[in-house]
Amino acid sequence: MSHALLRSRIRVVHTRHEAGAAFAATEASLASGRPTVVFTTTGPGITNALTGLFVARREGATVILVSGATAAPVRDRWVLQESAPHAMLGGVYAPGPLFHHATLLEHGEQLGTVLARLARGVRRPQGFVAHVGIPTPLQSQEIDRPPRVPQAFELRTDRPLDPADVTRVAELLPGRRVALWVGFGARGASRPIRMLAERLGAPVMASPRAKGVFDEGHPLYLGVTGFGGHAEVSAALARYRPEHVLVLGTRMGELSSGWDRALVPSESFIHVDVDPDVPGLAFPDVPTLGIAAELTVFLDALLERLPVSSVSAMVWPAVEGWDRPSALTPRRLGPVRPQVLMDKLQQVVVDGSEAMVFADAGNSFAWTIHRLCFERPGRFRVNMGWGSMGHGGTGPLGAVLHHADKAVTVLGDGAMLMNCEVSTAVQYELAVVWVVLNDSQYGMVEHGMRAAGYQPVQTTIPRTDFALMARSMGAMGIRVESEEMLEQALEQAMQAPGPVVVDVVIDPDVSAPVVSRLNQLAQQGVAARAGKAEA
């Protein structure tokens, strides 16, 4: 197989861990809009990659896992890293919650059918994750004539738009109190969403993954819903409860909505999604008009039915949503407050460059979602569908392979110790900047346990010098121990041509804006302890 790759036009990137490979492949697919392949060995090579592949499935990426498999003659004989349907986790070689398609290739004659299934799957608009296991003897088998994908498998996957759906929505919206709720699935429809909002005078709220889909500096912008979001959204909708909420590209799940009843319209959700099974699930008790359609097709048709002259004057009062936070004044002494770090990231990275910004799970999610402000889509990425630590440390490598500028990732010290792939970035000269929130603890867990009245257990981490660690692998490492050092350190990192780790000593006592998540845990049965935990 490696010999074939050497002769192909496929670019091969060798990561240090299979999870890192799968995370990077996910972001490479999302950045390029094309399929990405992950190659692994048998046994632990497969299982190590599974977390990253679950991320690919939840984020809507197109990723194909090609793994080694145990040859049939030696199965069930205690062969090393035995990998076959009877010896692996259930579902690894079958379609289900992880893989849209999975199979074990046993003979070269199967290849045509497998390629046809893959060719069909990669055209799915909502992503495709597949697994093809190849036993060792088959890997070196020469094929004289590569199979051709039959034309019968070149099927259209576009869902036709029902004109009656457009007519019904066009009749419901004008002259009514309407709000728009946009998600990551609407990232390709930013322009028509803005046109529709301005034509209706409708305020817009965004899920955490959708930051920038609607300009966060626009007068109609309310803020972010769900985890790390803005209280102004719920407050605005509670004051001016909309009759209808037009939902575009979000499933309104736990981290996107917190299932906040303040977000519920007085009459109905109008939920447009390419997947007909999505509408009506997040808020099952709320009347929902579900429309199965591709967003841009639906919005273009709706805008044709809503010419400017036919839309009545705005029925909402002036929108009082989220305002871009004022920058705090850096202090000379003491560790860095996370808010000040976000202010400098906004200034140097978001406003001062075209770099993509990633955030890893935990407090990094919360601070970036809550405080950073983006004017357009495609610049902010968080893995909210699966929420796995380590994705923010490795996914940016895949994005940089298909992005003209840098990728800057914000992550905690726990995530940086878990999976960072700095060595891989050095090898391939990838312009990734890791900004480490170094507070020597799993911050969200520490603060969450204390807020619930419990004494934290094993949440601390020994102090690590990540700048020194970066330099030991050949990357640039910058240590930041005060707020006055931040701006210069970030500017230096952004000007560097290769990978950089900016190790920021964070104030461990500043809690992140994660109240919505704590409230949800309580509603799901996590009981708070009466009284205050002992110090």
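Given R0 = 51 Å, the distance between the Cβ atoms of THR329 and VAL308 translates into a calculated FRET efficiency of 0.70. Peptides 76-82, 386-392, ordered by how many other C-beta atoms sit within 10 Å of their residues on average, highest first, read 386-392, 76-82. Per-residue extension of 0.36 nm, minus the Cα-Cα distance of VAL12 and GLN81, leaves a gain of 22.4 nm for this segment. According to the calculation over all Cα-Cα pairs in the chain, the P(r) per 20 Å bin from zero is 21, 51, 27, 2 %.
Of the residues LEU401, LEU306, the one with the largest accessible area comes first in the ranking LEU401, LEU306, computed with a 1.4 Å probe on protein heavy atoms.
Cα gyration tensor of segment 1-124, axes a ≥ b ≥ c as square roots of the eigenvalues: rounded (a/c below 1.5), prolate (a/b > b/c) or oblate? Here segment 1-124 falls in the rounded category.
When a 1.4 Å probe is rolled over the protein heavy atoms, the share of accessible surface on segment 248-297 that falls to carbon and sulfur comes to 55 percent. Peptides 41-50, 14-23 ordered by packing proxy, namely the average of other Cβ atoms within 10 Å per residue, highest first: 14-23, 41-50. The residues neighbouring VAL436, those whose beta-carbon lies less than 11 Å from its own, together hold a net charge of -4 under the Lys/Arg +1, Asp/Glu -1 convention. Computed on segment 303-403, the Cα convex hull volume stands at 191 Å³ per residue.
The residues of the chain present an accessible area of 45 Å² per residue when probed at 1.4 Å with all protein chains retained. A simple packing score, the average count of other Cβ atoms within 10 Å per residue, orders the peptides 464-470, 492-498 as 464-470, 492-498, with the highest score first.
Subtracting the Cα-Cα distance of VAL457 and LEU281 from their residue separation scaled by 0.36 nm leaves 59.7 nm. The overall shape of segment 392-453, judged from the alpha-carbon gyration tensor, is prolate: a/c is not under 1.5, and a/b is greater than b/c.
Only protein atoms count toward the accessible area here, which uses a 1.4 Å probe; on segment 325-416, the carbon and sulfur part of that area reaches 51 percent. Computed over segment 381-472, relative contact order equals 25 percent, with contacts defined as Cα pairs under 8 Å that lie 6+ residues apart.
In this simple spin-label model, placing a label point 7 Å from the Cα along the Cα-to-Cβ direction at both ARG450 and THR296 gives a separation of 4.8 nm.
Classified by the C-alpha gyration tensor, segment 343-480 has an oblate form. Its axis ratio a/c, with a ≥ b ≥ c, is 1.5 or above, and a/b does not exceed b/c. Sequence-distant contacts, meaning Cα pairs under 8 Å at least 6 residues apart, place the relative contact order of the chain at 14 percent. Given R0 = 45 Å, the distance between the Cβ atoms of LEU468 and ALA164 translates into a calculated FRET efficiency of 0.10.
Relative to the current alpha-carbon distance between ALA496 and HIS402, full extension at 0.36 nm per residue lengthens the span by 32.0 nm.
Entry note, segment 311-441: relative contact order of 23 percent, from Cα contacts under 8 Å with a spacing of 6+ residues. Neighbours of LEU172, meaning other residues whose beta-carbon lies under 9 angstrom from its beta-carbon, give a summed charge of -1 when Lys and Arg score +1 and Asp and Glu score -1.
The values are calculated or read from the model by the stated rules, or taken from the named source; none is laboratory data. This is a predicted model, so every value here is computed, not measured. All Cβ positions, even for glycine, are placed from backbone atoms using ideal geometry, and neighbour counts span all protein chains on display. Accessible surface areas use protein heavy atoms only, side chains included; no ligands, DNA or RNA. Shrake-Rupley method; radii C 1.70, N 1.55, O 1.52, S 1.80 Å.
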